[in-house]
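The values are calculated or read from the model by the stated rules, or taken from the named source; none is laboratory data. Quantities reported herein were computed from a predicted structural model and do not represent experimental measurements. Note that each Cβ is placed from the backbone with ideal geometry, even for glycine, and that neighbours are counted across all protein chains shown.
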Amino acid sequence: MATLREFEEALRAQGMKGALRILDKLRQRDRLRREAAAAPRRVAGQRMTPALARRILEMHRTTAMTQQEIAFALGVNQGRVNEVVKHGKWLSGDPQAPEARERDRALARARGGDRGRPRPGRAAAASPPAAGGTDGQLSLF
């Protein structure tokens, strides 16, 4: 199958200037459409609720939209759509559900209210240097 570039080269070789002009007009039209239709990369998050989760499932079942398209349409990110579709999260209104508790912890961290315990996987602060070594080098003798 020939590429568009090969097709264009063949038109040039044959001297088909009219066809080349049409091809240029189509390219300009497509470029304008892509620029006008460019969607923002970041969506301001909407709080996940059981009603929103049911709406996501409904759209997933009844339309041919991708998870990304559903996310843009509803104002959530694609990861949240995936959590609902693949893992059934956010369908209950239980405030003790793991996803709700994690959200609340993240909000508390963002407000600065959860500074007491270190995050999992973080190394503890460096311990003081061992006695006998003041320059930080290992002594072999």
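Filtered by the rule that a residue be surrounded by 15 or more Cβ atoms within 10 Å (Cβ to Cβ) and either modelled with pLDDT under 90 or not acidic (Asp, Glu) (or both), segment 49-72 gives 52, 53, 55, 56, 57, 59, 60, 67, 70, 71, 72.
Of the numbered criteria (1) under 30 Å from residue 4 (Cα atoms); (2) modelled with pLDDT of 85 or more; (3) not basic (Lys, Arg), the one residue 32 fails is (2). Answer yes if at least one residue in segment 38-48 is surrounded by fewer than 14 Cβ atoms within 10 Å (Cβ to Cβ) and in a helix (DSSP H, G or I), and no otherwise. No; the residues of segment 38-48 include none that is surrounded by fewer than 14 Cβ atoms within 10 Å (Cβ to Cβ) and in a helix (DSSP H, G or I). Residue count for segment 74-89 satisfying the condition of being touching a residue at least 12 places away in the same chain (Cβ under 8 Å) and either surrounded by 15 or more Cβ atoms within 10 Å (Cβ to Cβ) or in contact with a Phe, Trp or Tyr (Cβ under 8 Å, 6 or more places away or on another chain) (or both): 10. Scanning segment 59-101 for residues that are part of a loop (DSSP other than H, G, I, E, B) and over 14 Å from residue 48 (Cα atoms) yields 63, 64, 65, 66, 96.
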